[in-house]
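Single-structure report; data block below.
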Amino acid sequence: MPDSQPQPPHSSSSSSSPASSGDPAALLLCGARLTDGRTVDVRLGGGRIEAVGTVGSLGAYAARVDLGGYLLLPAPAEPHAHGDTALSADAEGPLSYDPQDVQRRATEAALLQLGHGATALRSHVRIGDVPGLGALAAVLQARRALRGLAELTAVAMPRVLTGAAGADGLAMLRDAVKMGASVVGGCPDRDPDPTGYVEAVLEVASEHGCPVDLHTDGDDPARLARLAAMAGGLRPGVTIGPCGGLGRLPAEVASRAADQLAAAGVTVACLPQGGCGGAERRATAPVRLLRAAGVRVAAGSGALRDVSNPVGRGDPLEAAYLLASRHGLRPEEAYDAVSTSARAALGLPEVRVEAGFPAELLAVRGDRLAGVLSLAYSRIVVHRGRVVARTSAVREYCDTPAAAAPDLPRQGRTELS
């Protein structure tokens, strides 16, 4: 994904009409509540937010979406998915890496996460220890199929990059970038020479101008220090995760490592819903310590119903809920980790509900962010200025047989048998 900055917000006349905007696909979001408490109309056009005004002030639009009762937010992004293995926990026998199976899983997983609100996803894809580059080709095909619905990018993950066995992996990593993998990564902890692995990945990234996204448990402070020293100043950036082991280090050692990562500009992608390498790696990175040191912390979903986490949901709002409920972040900080910080980790422009910013939005039924993170049932997802997914939840209760019972609040009155 290219590095870019948001366009400066611009003013727009409240009397503008679809004809004056020149965009037949212009859309008006009506009566949305913002996190600052205002209720507004939001006009979208050309994939961006054209104007935000008081209810009824932006003219009459044929294309309207009623967001009364919804909180309007910048859309989340998914910084750490595994589309090639997603939705495979119930499969009989060994995991299939047939390209058609991988493409189907990657597409279905991305659509599931899109329904939760993630309009951009980064998927780590194994190469080298699975048949050639077939899994990567399948994920790239899924990316093409999803165009217009969600932005899917692939991270090439070779198993070994050092020694005699690493020569093939290094050649395959370069081929993967030429094929269309826009990020280079992998798991240096599993290489006989973790430092050499990182050096090789950074060399390929420098050659091609690619971001780097590495898996590491973060439980070796010396290794983290070397990584930070090598990664410092690399553009367009370095992300590591899930770093659950960093939380098992003594506080003073973990704090020093956090300072080193912050100085190097390294982003940490934590996985509050569970790791992606088995139950023994389910710890979550020490997010409060990292944030206090100035490290950008993004939150991802990790495994989505594969063998390492058969109940993974792939829901960014659940990740934010866990950061708030388990790790003590304020709701605003927790949501930032799955939205603004996650988008920054992916090299995407910032989104605000203001004129001039990209129209990447999520509307969730509710009126406060804390309530939305608690009960995020009904959702409307906007990508490039158009509605691409809707999830509606209706809660019903059966009628009580007691004649004197008070009238209970309910969304529906259908009698339940």
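The values are calculated or read from the model by the stated rules, or taken from the named source; none is laboratory data. Predicted, not measured: the structure shown is a model, and the values here were computed from it. A quick note on method: Cβ atoms are made from the backbone with ideal geometry, for glycine too, and the neighbour counts reach across all protein chains shown. Just the protein is used for accessible areas: all its heavy atoms, side chains included, with ligands, DNA and RNA removed. Shrake-Rupley method; radii C 1.70, N 1.55, O 1.52, S 1.80 Å.
Pick out, from 307, 39, 284, the residue whose Cα sits farthest towards the positive end of the charge dipole of the chain, with +1 on the Cβ of Lys and Arg and -1 on the Cβ of Asp and Glu. So the residue furthest toward the plus end is 39. Sequentially through the range 299-307, phi angles give Karplus couplings (6.51, -1.76, 1.60; θ = phi - 60°) of 10, x, 9, x, 5, 10, 6, 10, 5 Hz, Gly and Pro residues having no value and appearing as x. The range 45-79 and the range 135-162 have Cα centres spaced 31 Å apart.
In this Cβ point-charge picture (+1 for Lys and Arg, -1 for Asp and Glu), the chain has a dipole of about 760 debye about its Cα centre. Each helix, a run of at least 4 DSSP H residues, gives -39500 (n - 2.57); summed and divided by the residues of the chain, these come to -9500 deg cm²/dmol at 222 nm. The mean sequence separation of alpha-carbon pairs under 8 Å and at least six residues apart, normalised by the residue count of the chain, gives a relative contact order of 19 percent.
Highest average first, the peptides 241-250, 31-40 ordered by how many other beta carbon atoms sit within 10 Å of their residues are 241-250, 31-40. The 3J(HN,Hα) values that the Karplus relation (6.51, -1.76, 1.60; θ = phi - 60°) gives for the range 88-104 are, in residue order, 10, 4, 8, 5, 7, x, x, 4, 7, 10, 4, x, 5, 5, 5, 4, 4 Hz. Gly and Pro appear as x.
With all protein chains in place and a 1.4 Å probe, the accessible surface of the chain carries 51 percent carbon and sulfur.
When both bridge partners sit in the range 112-207, DSSP labels roughly 0% of those beta bridges antiparallel. Report, for the chain, the % of DSSP beta bridges that are antiparallel, rounded to 5. Restricted to the chain, the bridges split so that about 45 percent are antiparallel. Of all stretches in the chain that contain no chymotrypsin sites (Phe, Trp or Tyr not before Pro) in a DSSP loop with at most 15 other Cβ atoms within 10 Å, the longest one is 1-376. The residues of the range 173-264 present an accessible area of 38 Å² per residue when probed at 1.4 Å with all protein chains retained.
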